[in-house]
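**Student:** After the structure tokens below, expect a handful of questions from me.
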Amino acid sequence: MVVPLALPKTLTYRWFGAGEVAPSVGTRVVVPLGNKKWTGVVWEVHQNAPTGYVAKEVEAVVDDAPVITEAQRDMFTWMAQHYMCSLGDMVSAALPAGMKLESTTQIVLHPDAENASEDGLDEAAMTLLDALHVRDELSLRECAELLGVKHPQRVIKTLIQRGLALAKEELAERVKPKKVAWVRIADDVSEEELSAALAWAGVKAVAMERLLLAVVEAEGELPKVQAQKRSRTDASTVQKWVERGILDVEERESARPSRPGTATLPVLSEAQAKAYNQVHAGLVSRKPVLLHGVTGSGKTEIYTHLIAEALAAGQQVLFLVPEIALTTQLIERLRKFFGDVVHVYHSRFSDRERTETWMQVLEPKAGQLIVGARSAVLLPLPKLGLVVVDEEHEPSFKQHDPAPRYHARDVTLWMAARQHVPLVLGSATPAVETQWLGQQGQIEVVPLTERFGGAMLPEIFIADLRKEHKQRSMRGGFSKMLRDEMEATMKDGRQVILFQNRRGYAPAYQCAQCGHATSCERCDIPLVVHKTLGGLHCHHCGYHERPAPTTCIACGSTALKAQGLGTERIEEELAELFPTARVARMDLDTTRKKSAHAKLLEAFADQEYDILVGTQMVSKGLDFANVGLVGVMSADRMLTFPDFRSFERAYQMLTQVAGRAGRSGEGARGKVVIQSFSADHWLLHHVVDHDHGALVRRELIERQTYQYPPYVRMIRLTLKHGDAQRVEAGAAVLAARLHQRFGERVLGPDTPALSRINDQHIRQLTLKFERALAPSQYRPLLHADLDEFSTDARWKRLRVTVDVDPA
């Protein structure tokens, strides 16, 4: 038995169901643990009673059929071993909260129960349903007393599946159907009146004519927003026709009707067709394939053809993307081809939505395409026929906290190797480790070096900020080169994307006299200035000072200034430099709501904005046909970050954001301006030359010299405690213990650059194991040392986390 808790072992329970078949492996059951009851998952059924203690009894069975497949159990077992976490961590991370029932759950009548069928309900279900009609809500204990059973979960589940009942938490999550305004020709308007109105507008009001024609051409009705976009008008124009009695506006539910895909599959170019055939050949041989295609080369079109083939065979396809922001455009494109077989799964969805998706993919009626972020790899996919990992180099595929600290790309590589699932990895800037696997012959590498539609790769320029400052040509954070290119681009009617990986107004609030920066009380990091939220904020622990202080606590001076450049400040400076430009900002502060990403991206794609300012969200796979220029406000922080992957990440980030420019193949070649104080840096020259191969060769030489992945396997141990001396002493003791066991493979303890977060002091140990050494040889030894360390009374309160293959 596995319960969703970080327990070191599985638990054994007895089954004494009189006349009932024992629950099968993979089903959920209710079991007692401590003084609470938990929903656990049956992991194994055996006849061996435990020694040393008496097994407690399973109290209730929740499922009639398994909710976790055999393939999932194998994968979760491997992940728990490889990432050195418990099976409870795996189950907790995988199962949506809606599938982990607790004894405090309240059951209520479904708001649409009158439309659901009661046919075939047994006596217990009807009794409970009648009680819900009378009572507003019932607890699990009240349900049990009413039915005269110990655990009523199975009866409750029947009502929930029939749409007759809901958990109260789910009712709170239920979203009211969104209303959308539609414009339509009024019912009492004749054809003669309509013709007369068009004739009048053609002479007197051209904008009104455009709007009315758009409605007529759409067979008399269409959403108000679309009507305004198509006719290039606004709400006031609609209102004028309403006042004249020609148009009506009505609110309708925007629920998307069930529909099949209507668009035909895209026609592949010669280069794409060649790459598709190579990818297909690799998949047939059950070898993972890396599709290395430059930005704008049309990798998605190749994916689409592979997906169509798998769906036609009735299989499931898992399409992993690194960011939620990436899914909005992608989902719309995929739904045009595949309709409602497309399912979406990510953390922004409610527990109810994730539970529904889990149950839908568990028992597929036909082919399904599941698009999601890293957590989607944990879904039950019994008919999985293809996995696509887009932008495989992205660090956001790595889970950091809480456990399990897995990397979704590496999990899919295991699935390809052990479960023989066809796998396609795609990227314009593949990870160094992935390129190395290609060199070792473990994966097939398929190059795609041409942009689709004849578009050229963007022309990249480096703006030397040293020279710009000497010549006093800077205006805020904008160099003369960037300003001139922006002005020329917008004059041509094209759009601009500006990238700055710093949200807020400024990254520091500093005294001009003594240089003291106002820092977080709980973390060793300066507070970030925010204008929209107001005051100073910590992005790590949530601490804030509002309003911002007016005097320096170090010297008493009042000369406090916001230092540095954040997305809010860029937005403010743009209003001064380009007062007529329409500016949108895309960062965590503007996209907190579930649908905020989609709305902002749709508006920019519809050219409602001239300039999009954003953090790394704008660098990942977005496709805007009208973007002519990309500006990188500062590349220096990426080049100096203290990490062995910093150059690789900087190249990937700069190349990916540069790839948003000039993708359509129409008009002038796209341009990119990168601002830097290190204009002659070797990495920037590789970015300008689009030379990813040179970067990989250089990185592999350095990593082999200094023993970093892929030439070694790394494990990072992090120790945290509120007392700096305690964590320092504990780290030293653990390091000495590990040195005795593993020798020079142990590095540290070290103090990281950010040494205190949320009043927790941090120390780190790094272990490097040669690849020739099997993990099964050192993992049990490391587990034993960590267990012995954690049982020592001196270090019990230290929090120790294990991160295998840290990103």
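**Student:** Can you confirm whether residue 541 is out of contact with any helix residue (DSSP H, G or I) (no Cβ under 9 Å at 6 or more places or on another chain), surrounded by 20 or more Cβ atoms within 10 Å (Cβ to Cβ) and assigned to a loop (DSSP other than H, G, I, E, B)?
**Tutor:** When the stated conditions are applied, residue 541 does not pass them.
**Student:** Another one. Could you count how many residues in region 371-411 are under 12 Å from the mean Cα position of the chain (by Cα) and basic (Lys, Arg)?
**Tutor:** The number of residues fulfilling the criteria is 2.
**Student:** Next question. Are any residues in region 311-368 modelled with pLDDT under 80 and more than 18 Å from the chain's Cα centre (by Cα), and if so, which ones?
**Tutor:** Residue satisfying the conditions is 352 alone.
**Student:** Right, something else. Among the listed residues 203, 225, 216, 175, identify the single one that is in a loop (DSSP other than H, G, I, E, B), open to solvent by 20 Å² or more (accessible area, probe 1.4 Å) and either of a type in the set (A, V, I, L, M, F, W, C) or modelled with pLDDT of 85 or more (or both).
**Tutor:** Just a single option satisfies the conditions, and that option is 175.
**Student:** Inside region 272-380, counting only helices (runs of 4 or more DSSP H) that do not spill past its ends, which hold 3 or more residues that are open to solvent by less than 10 Å² (accessible area, probe 1.4 Å) and over 30 Å from residue 599 (Cα atoms)?
**Tutor:** none
**Student:** Looking for whichever is under 25 Å from residue 648 (Cβ atoms) and either of a type outside the set (A, V, I, L, M, F, W, C) or in contact with a Ser or Thr (Cβ under 7 Å, 6 or more places away or on another chain) (or both) here; the options are 785, 750. Which one fits?
**Tutor:** Every option except 750 fails the conditions.
**Student:** Answer yes or no: is there a residue in region 695-705 that is in a loop (DSSP other than H, G, I, E, B) and in contact (Cβ under 8 Å) with a residue 40 or more places away in the chain.
**Tutor:** No: region 695-705 contains no residue that is in a loop (DSSP other than H, G, I, E, B) and in contact (Cβ under 8 Å) with a residue 40 or more places away in the chain.
**Student:** Moving on to the next point. Output the number of residues of region 401-416 satisfying the condition of being open to solvent by 20 Å² or more (accessible area, probe 1.4 Å) and over 26 Å from residue 298 (Cα atoms).
**Tutor:** Selection size over region 401-416: 5.
**Student:** Next up: Regarding region 663-685, can at least one residue be identified that is in contact (Cβ under 8 Å) with a residue 24 or more places away in the chain and in contact with a Lys or Arg (Cβ under 6 Å, 6 or more places away or on another chain)?
**Tutor:** yes
Per-residue answers, yes or no, for (1) at pLDDT 85 or above; (2) in contact with a strand residue (DSSP E or B) (Cβ under 6 Å, 6 or more places away or on another chain); (3) crowded, with 16+ Cβ neighbours inside 10 Å:
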position: 212; (1), (2), (3): yes, no, yes
position: 237; (1), (2), (3): yes, no, yes
position: 243; (1), (2), (3): yes, no, no
position: 255; (1), (2), (3): no, no, no
position: 267; (1), (2), (3): yes, no, no
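**Student:** Going residue by residue through region 718-732, is there one that turns out to be closer than 30 Å to residue 699 by Cα, free of Cβ contacts under 8 Å to residues at least 24 places away in the same chain and not aromatic (Phe, Trp, Tyr)?
**Tutor:** Scanning region 718-732, I find no residue that is closer than 30 Å to residue 699 by Cα, free of Cβ contacts under 8 Å to residues at least 24 places away in the same chain and not aromatic (Phe, Trp, Tyr), so the answer is no.
**Student:** Further question: Here is a list of conditions, (1) surrounded by 17 or more Cβ atoms within 10 Å (Cβ to Cβ); (2) over 34 Å from the mean Cα position of the chain (by Cα); (3) closer than 30 Å to residue 601 by Cβ, and residue 492 meets all of them except one; can you say which number that is?
**Tutor:** Here residue 492 meets the rest and fails (1).
**Student:** Going by the structure shown, is residue 779 touching a residue at least 12 places away in the same chain (Cβ under 8 Å) and outside any strand (DSSP E or B)?
**Tutor:** Against the criterion (touching a residue at least 12 places away in the same chain (Cβ under 8 Å) and outside any strand (DSSP E or B)), residue 779 qualifies.
**Student:** OK, next. Using the structure shown, decide if residue 533 is open to solvent by less than 30 Å² (accessible area, probe 1.4 Å), of a type outside the set (D, E, K, R) and on the phi < 0 side of the Ramachandran plot.
**Tutor:** no
**Student:** Name the single residue, out of those in region 748-765 being crowded, with 17+ Cβ neighbours inside 10 Å and of a type in the set (A, V, I, L, M), that is farthest from residue 723 (Cα to Cα).
**Tutor:** 765
**Student:** Just checking, does region 738-747 include any residue being in a strand (DSSP E or B), in contact with a Ser or Thr (Cβ under 6 Å, 6 or more places away or on another chain), surrounded by fewer than 20 Cβ atoms within 10 Å (Cβ to Cβ) and touching a residue at least 12 places away in the same chain (Cβ under 8 Å)?
**Tutor:** Yes, region 738-747 contains at least one residue that is in a strand (DSSP E or B), in contact with a Ser or Thr (Cβ under 6 Å, 6 or more places away or on another chain), surrounded by fewer than 20 Cβ atoms within 10 Å (Cβ to Cβ) and touching a residue at least 12 places away in the same chain (Cβ under 8 Å).
**Student:** If you check residue 777 against the conditions, is it surrounded by 14 or more Cβ atoms within 10 Å (Cβ to Cβ) and not small (Gly, Ala, Ser)?
**Tutor:** In short, no.
**Student:** What's the total number of residues in region 25-54 that are outside any strand (DSSP E or B) and open to solvent by less than 50 Å² (accessible area, probe 1.4 Å)?
**Tutor:** 6
**Student:** Kindly establish whether residue 419 is more than 19 Å from the chain's Cα centre (by Cα), open to solvent by 10 Å² or more (accessible area, probe 1.4 Å) and either free of Cβ contacts under 8 Å to residues at least 24 places away in the same chain or over 29 Å from residue 648 (Cα atoms) (or both).
**Tutor:** Yes: the conditions hold for residue 419.
**Student:** Consider residue 629 carefully, then state whether it is farther than 27 Å from residue 538 by Cβ, touching a residue at least 24 places away in the same chain (Cβ under 8 Å) and under 20 Å from the mean Cα position of the chain (by Cα).
**Tutor:** Considered against the rule, which asks whether it is farther than 27 Å from residue 538 by Cβ, touching a residue at least 24 places away in the same chain (Cβ under 8 Å) and under 20 Å from the mean Cα position of the chain (by Cα), residue 629 comes out as no.
**Student:** While we're looking at this one, here's another question. Quick one: would you say residue 522 is more than 28 Å from the chain's Cα centre (by Cα) and either open to solvent by 60 Å² or more (accessible area, probe 1.4 Å) or without any contact (Cβ under 8 Å) to a residue 12 or more places away in the chain (or both)?
**Tutor:** It is false that residue 522 is more than 28 Å from the chain's Cα centre (by Cα) and either open to solvent by 60 Å² or more (accessible area, probe 1.4 Å) or without any contact (Cβ under 8 Å) to a residue 12 or more places away in the chain (or both).
**Student:** Filter region 686-735 for residues that are touching a strand residue (DSSP E or B) at 6+ places or on another chain (Cβ under 7 Å) and β-branched (Val, Ile, Thr); which is most open to solvent (accessible area, probe 1.4 Å)?
**Tutor:** By that ranking, first place goes to 688.
**Student:** Does residue 124 qualify as being at pLDDT below 80, among the aliphatic types (A, V, I, L, M) and more than 30 Å from residue 224 (Cα to Cα)?
**Tutor:** no
**Student:** Does region 662-683 hold any residues that are open to solvent by less than 10 Å² (accessible area, probe 1.4 Å), within 25 Å of residue 452 (Cα to Cα) and in contact with a helix residue (DSSP H, G or I) (Cβ under 9 Å, 6 or more places away or on another chain), and which are they?
**Tutor:** Listed by number, the residues that qualify are 670, 672, 673, 674.
**Student:** May I ask you to verify whether residue 398 is at pLDDT 90 or above and surrounded by fewer than 19 Cβ atoms within 10 Å (Cβ to Cβ)?
**Tutor:** Yes.
**Student:** Could you check how many residues of region 431-444 are over 19 Å from residue 656 (Cβ atoms) and open to solvent by less than 70 Å² (accessible area, probe 1.4 Å)?
**Tutor:** The qualifying residues number 5.
**Student:** Continuing with the same structure: Show the residue pairs meeting these rules: Cβ distance below 9 Å; 6+ apart or different chains; first residue within region 208-223 and among the charged types (D, E, K, R); second residue open to solvent by 70 Å² or more (accessible area, probe 1.4 Å) and part of a loop (DSSP other than H, G, I, E, B).
**Tutor:** 210/232
The values are calculated or read from the model by the stated rules, or taken from the named source; none is laboratory data. Only a predicted model underlies this, so the values are computations on that prediction, with no experimental measurement involved. All Cβ positions, glycine included, derive from the backbone under ideal geometry; neighbour counts span all protein chains shown. Areas reflect the complete protein model, heavy atoms only, side chains present, ligands, DNA and RNA absent. Shrake-Rupley method; radii C 1.70, N 1.55, O 1.52, S 1.80 Å.
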